[in-house]
Amino acid sequence: MKAYPSYLELLATGELDRRITALYDRMSPCRICPRECKVDRLRGERGVCKVGSKPMVSSYGPHFGEERPLVGTSGSGAIFFTYCNMACVYCQNWEISHLGEGDEIEVEDLAKIMLILQVWGCHNINLVTPTHQIAFIVEAIKIAAEKGLSLPIVYNCGGYESIDTLKLLDGIIDIYMPDIKYMDDKVALKLSKVKGYSCVVKEAIKEMHRQVGDLIIEGGIAKRGLIVRHLVLPGDLSQTEEVIKFIVTEISPQTYFNLMDQYRPCGDAWKYPPLDRKITGDEWKRALELAMNYGLKRLDNRRARFWD
């Protein structure tokens, strides 16, 4: 088994430099995510994600609202990246993902942020919406690692990932934390403006699991592995049963799974009923029963409603 954080091995061998070069190459023309906008981001052109040749960050700091093994006692070191490669009409971080709340910074500044989070005692570096900015991020990881960064890296994403890009992250990312939003491509196109989501997210999660396996927790803190999130949507727009069935039968019943009940109408959700309301008690009860009946062994239990 590989040691963790695994990126330190790649730094020592020089492989990290090759990965950085390959990731930047995928930005010109851009093929970082499945949209493949083909714009030349290294020359400042911007595609759907609206980010050009420099990182954009909204905020950073210890985050205590994440999964229990990420939070521990000192919090998860979250860095919220501006914009997104998806366009969910109900995004819970609308100001960041759609309105562009944040600032363009240098890669060296991003590396400093990682080191600051380590000094503050955070248990990990939690990259929130990293997909479209991953080349900058990996370069920043290298710079920070050369100055003493030794925390696990969490890839906290929406699941719409390029397999070719993910393969370049093998040995760099310690903890993958994707959402699975839906299993119906028509719903995904309408609500998140992406094509072929179900196939893309399935293959992405298979690749993530191949790289890191089931979640390893030591002393109550996540060190390496896969965490999957699924936000239950009103009217079963999220196809919860199909999501759970996929995880159990094609990934692992030992997958650390966060079934989330906190949906609230945000952004343009009011235009897309039933997204204009929260989920009901019955909808939540059904989702929880599905998780248990299909045999998921590791449900994140930080919310009291799991036990209502």
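The values are calculated or read from the model by the stated rules, or taken from the named source; none is laboratory data. In this text, all values refer to a predicted model and were calculated from it rather than measured experimentally. So basically every Cβ, Gly included, is an ideal-geometry build from the backbone, and we count neighbours across all protein chains shown.
With (1) within 13 Å of VAL128 (Cβ to Cβ); (2) touching a residue at least 60 places away in the same chain (Cβ under 8 Å); (3) buried (at least 23 other Cβ atoms within 10 Å of the Cβ) as the list, and HIS63 as the residue in question, which single condition is left unmet?
(3)
List, please: which pairs have Cβ atoms under 8 Å, are six or more places apart or on different chains, and start with a residue in the range 16-43 that is over 15 Å from VAL138 (Cβ atoms) and without any contact (Cβ under 8 Å) to a residue 60 or more places away in the chain and end with one that is in a helix (DSSP H, G or I) and not hydroxyl-bearing (Ser, Thr, Tyr)?
So the pair list comes out as SER28/ARG41; SER28/LEU42; SER28/ARG43; CYS30/ARG41.
Does the range 203-240 hold any residues that are in contact (Cβ under 8 Å) with a residue 40 or more places away in the chain, among the acidic types (Asp, Glu) and more than 19 Å from GLY171 (Cβ to Cβ), and which are they?
GLU203, ASP236
Quick check on the range 129-150: of everything there that is of a type in the set (A, V, I, L, M, F, W, C) and crowded, with 24+ Cβ neighbours inside 10 Å, which residue is farthest from ARG46 (Cα to Cα)?
Looking only at the range 129-150, we keep the residues that are of a type in the set (A, V, I, L, M, F, W, C), and these are 134-138, 140-141, 143-145, 149.
Restricting the remaining residues to those that are crowded, with 24+ Cβ neighbours inside 10 Å gives 134-138, 140-141, 144.
Values: ILE134: 15, ALA135: 15, PHE136: 15, ILE137: 18, VAL138: 20, ALA140: 21, ILE141: 24, ALA144: 27 Å.
Among those residues, the one meeting the criterion is ALA144.
Among residues belonging to the range 76-106 that are assigned to a strand (DSSP E or B) and hydrophobic (A, V, I, L, M, F, W, C), point out the one that is surrounded by the most Cβ atoms within 10 Å (Cβ to Cβ).
PHE81
Go through the range 116-127 and give me each residue that's surrounded by fewer than 24 Cβ atoms within 10 Å (Cβ to Cβ) and not in a helix (DSSP H, G or I).
Passing the criteria: TRP120, GLY121.
Inside the range 200-255, can you point out the residues that are at positive phi and in contact with a Pro (Cβ under 8 Å, 6 or more places away or on another chain)?
Result: GLY220, GLY235.
Would you please list the contacts, defined by Cβ atoms under 8 Å and residues six or more apart or on different chains, that run from a residue in the range 75-98 that is more than 19 Å from PHE136 (Cβ to Cβ) to a residue that is acidic (Asp, Glu) and in a loop (DSSP other than H, G, I, E, B)?
From the range 75-98, the pairs are SER76/GLU66; VAL89/ASP268; TYR90/ASP268; GLU95/GLU101.
Quickly run through the range 156-202 and pick out the residues that are of a type in the set (Phe, Trp, Tyr) and in contact (Cβ under 8 Å) with a residue 40 or more places away in the chain.
Selection gives TYR160, TYR176, TYR182.
Tell me, please, whether a residue that is modelled with pLDDT of 95 or more, crowded, with 24+ Cβ neighbours inside 10 Å and basic (Lys, Arg) can be found in the range 158-181.
yes
Could you check how many residues of the range 36-70 are in a helix (DSSP H, G or I) and either touching an Asp or Glu at 6+ places or on another chain (Cβ under 7 Å) or of a type in the set (A, V, I, L, M) (or both)?
Total meeting the criteria: 3.
Would you point out which residue out of VAL128, VAL119, VAL71 is out of contact with any helix residue (DSSP H, G or I) (no Cβ under 7 Å at 6 or more places or on another chain), aliphatic (A, V, I, L, M) and without any contact (Cβ under 8 Å) to a residue 24 or more places away in the chain?
VAL119
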